[in-house]
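Please read through the structure below; I'll follow up with questions.
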Amino acid sequence: MKYEDFFADRIKDLKEEGRYRVFADLERKAGNFPAAFNHAEDGVHDVTVWCSNDYLGMGQNPEVLDAMREAVSRCGAGAGGTRNIAGTCHEHVLLERELADLHETESALIFGSGWMANMTALSTFGIMIPDLVILSDFHNHNSMIEGIRHTKCERVIFGHNDLDDLEAKLAAYPKDRPKLVAFESLYSMDGDIAPIEGICDLAEKYGAMTFIDEVHAVGLYGERGAGVCERDGQMHRLDVIQGTLAKAFGVVGGYIAGSAMMCDFIRSYGAGFIFSTSMPPAVAAAARTSVAYLKQHNELRERHQERAATLKRRLRKLGLPVMPSVSHIVPVLVGDPVQCKEASDLLMERHSVYVQPINYPTVQRGTERLRITPTPLHSDADMDHLVQAITDVWQHIGLKKDF
């Protein structure tokens, strides 16, 4: 086999479909988010970032930066090993305590990423719990899907946020058979929110564990930022809460929170935890500072929601196809991969606005979109410029204006 030819052909396929991914080469400006430098072929340009998952700008928060610098000076760069072999630093312990306090659980366990947290926890449950069946929402994130795929247990997909379908599938199994319902609180591409209370009701009725991914909600919802579960008064009903430190908290890493025994079980049996080098202590210190800060600063969440609602209103007023969203996600439908990439390129080239095109397989074919994420740090002037830029690009390409 000519391996290089094979690789080249597969890349050619992506380019012909219009979904070959090009990365913006950004240099974030410390203390000046959402401004950044874009390193392009024709030089370095100023851009305004409108698609970051650093939803609250905490990656530039002075207290977070100070905590990271101080920890580097005190502990050095790396952790020195896996958690089991010389790699459990005191900052890891403190961060896990902070996260358990956030979610009002007995314990928490940190991972190198949210992807690894989902992958490890779900695969460990599926491998270790005898005769377990996992029921997974149709729109679950790749990390959840991969975790479930790596098990030998039975797997069932239920309709997205469809309580009737979930109940029908749960009812098909004996109540005493082990079951786990895996779902997200906030689905990041469409911006819709799960019926958490209804899912918990069904799980209790049919004897199932609940596993919720709050990745795009922790830090952003609830009085202290514990997520949609906190906002909706359901946090105590979830068996496993999974979250990230890389989005609203502005650093990197993932975690699960729940009972002390459940966390110890994953700690002791989860291969993705056991065999991974630990998070650098400076990262843990920065993340802990961010979590603690956001517990005390609900005004950032209020400003964040206002920015998202204002942008949706302004874009819809102009007839632009903002997809239905009840959250901080502002998805603008394009519906074609080539035009979606063209719109993104023109926003950057003509207006110094960076919004990444979202194409298949991240979203279904025909639903390609620009996914805009306003932050509390986007000013009215930033928003005026964005609205003007999108209007210009829509007219230039001839895209549809009504959804």
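The values are calculated or read from the model by the stated rules, or taken from the named source; none is laboratory data. Here the structure is a predicted model, which means the values were calculated and not measured. Using ideal geometry, Cβ is built from the backbone for each residue, glycine included, and neighbour counts are taken over all protein chains shown. Accessible surface is based on the protein model in full, side chains and every heavy atom, while ligands, DNA and RNA are left aside. Shrake-Rupley method; radii C 1.70, N 1.55, O 1.52, S 1.80 Å.
With a probe of 1.4 Å, find how much accessible area the chain has per residue, and write the answer as a whole number in Å². Don't jump to the answer; show the numbers that get you there.
Values: 17920 Å² over 403 residues.
Accessible area per residue, the chain: 44 Å².
Using a simple spin-label model with points 7 Å from Cα along the Cα→Cβ vector, what separation in nm is obtained for residue 271 and residue 313?
5.2 nm
Let me ask something additional. Applying 1/(1 + (r/R0)^6) with R0 = 41 Å to the Cβ-Cβ distance of residue 73 and residue 42, what FRET efficiency is obtained, to the nearest 0.05? All intermediate terms of the calculation are to be shown ahead of the outcome.
Values: r = 39 Å, r/R0 = 0.96.
For R0 = 41 Å, the calculated efficiency reads 0.55.
When the gyration tensor of the range 1-138 is built from Cα positions, what are the square roots of 5 times its three eigenvalues, in whole Å, from largest to smallest? Numbers along the way, then the final one.
Details: eigenvalues 225, 173, 60 Å².
Its equivalent ellipsoid spans semi-axes of 34, 29, 17 Å.
Only four residue types carry charge here, +1 at the Cβ of Lys and Arg and -1 at the Cβ of Asp and Glu. Report the dipole size of the range 127-229 about the Cα centre in Debye, rounded to the nearest 20. Walk me through the numbers before you get to the answer.
On the way: 9 positive and 18 negative charges, 98 e Å.
Dipole about the Cα centre, nearest 20: 460 debye.
Let me ask something additional. For the range 1-118, give the percent of accessible area contributed by carbon and sulfur heavy atoms, probe 1.4 Å, rounded to a whole number. Before the final figure, lay out the partial values.
Values: 3640 of 6830 Å².
Within the range 1-118, the accessible surface is 53 percent carbon and sulfur.
Please compare each pair in 29/295; 12/312; 169/401; 29/341; 317/341 to a cut-off of 29 Å on the Cα-Cα distance and tell me which ones are over it.
On the way: 29/295 25 Å; 12/312 36 Å; 169/401 40 Å; 29/341 25 Å; 317/341 24 Å.
Beyond 29 Å between Cα atoms: 12/312; 169/401.
OK, next. Rounded to a whole number, what % of the accessible area of the range 149-280 do carbon and sulfur atoms account for, probe 1.4 Å? Walk me through the numbers on the way to the answer.
Values: 2640 of 5050 Å².
The value for the range 149-280 is 52 percent carbon and sulfur by accessible area.
Right, something else. Quick check: Cα centre of the range 332-381 to Cα centre of the range 177-213, how many Å?
For the range 332-381 versus the range 177-213, the Cα centre distance is 29 Å.
Quick one: Debye curve from the C-alpha atoms of the range 151-240, no solvent, what's log10 I(q)/I(0) at q = 0.11, 0.17 Å⁻¹?
Log10 I(q)/I(0), no solvent term: -0.31, -0.71.
May I pose another question? Binned at 5 Å from 0, what are the whole-percent values of the Cα-Cα distance distribution for the range 77-136, short to long?
It works out to 4, 14, 18, 21, 20, 13, 6, 3, 0, in whole percents.
How big is the Kirkwood radius of the range 158-208, worked out from every pair of different alpha carbons and given in Å to one decimal?
11.4 Å
With everything on Cα atoms, drop me the angle between helix 62-75 and the longest principal axis of the chain, reported from 0 to 90° to the nearest 10.
Helix 62-75 and the main axis of the chain meet at about 50 degrees.
Taking only the C-alpha atoms, wrap a convex hull around the range 45-115 and report its volume per residue in Å³ as a whole number.
On the way: hull volume 11.7 nm³, N = 71.
Taking the convex hull of the Cα positions in the range 45-115, it is 164 Å³ per residue.
Could you give P(r) for the chain, binned at 20 Å from zero, as whole percent values over all Cα-Cα pairs?
Answer for the chain: a P(r) of 26, 56, 18, 0 percent.
Taking all pairs of distinct Cα atoms, average 1/r, flip it, and tell me the Kirkwood hydrodynamic radius of the range 85-205 in Å to one decimal place.
On the way: mean 1/r = 0.0632 Å⁻¹.
The Cα-based Kirkwood calculation yields 15.8 Å.
Rounded to two decimal places and with Rh computed the Kirkwood way over Cα pairs, what is Rg over Rh for the range 1-75? Each step should come with its number before you reach the end.
Details: Rg = 18.9 Å, Rh = 15.9 Å.
Rg/Rh: 1.19.
Over the range 278-365, what is the relative contact order in percent, taking alpha-carbon pairs closer than 8 angstrom and at least six residues apart? Kindly include the intermediate steps, with their values, before the conclusion.
Working: 50 pairs, mean separation 13.4, N = 88.
The value is 15 percent.
Same structure, new question: Mean-square fluctuation check for the chain, GNM, Cα pairs under 10 Å: which of 244, 120, 310 is largest?
310
Test of understanding: express the Cα radius of gyration of the range 187-332 as a ratio to 2.2 N^0.38 Å, with N the residue count. Mind showing how you got there, number by number?
Details: Rg = 17.3 Å, N = 146, 2.2 N^0.38 = 14.6 Å.
Normalised Cα radius of gyration, the range 187-332: 1.18.
Sticking with this structure for a sec: Could you give P(r) for the range 255-403, binned at 10 Å from zero, as whole percent values over all Cα-Cα pairs?
10, 29, 24, 22, 13, 2
So how tilted is helix 196-206 from the main axis of the chain? Cα-based, degrees 0 to 90, rounded to 10.
Between helix and principal axis, roughly 30 degrees.
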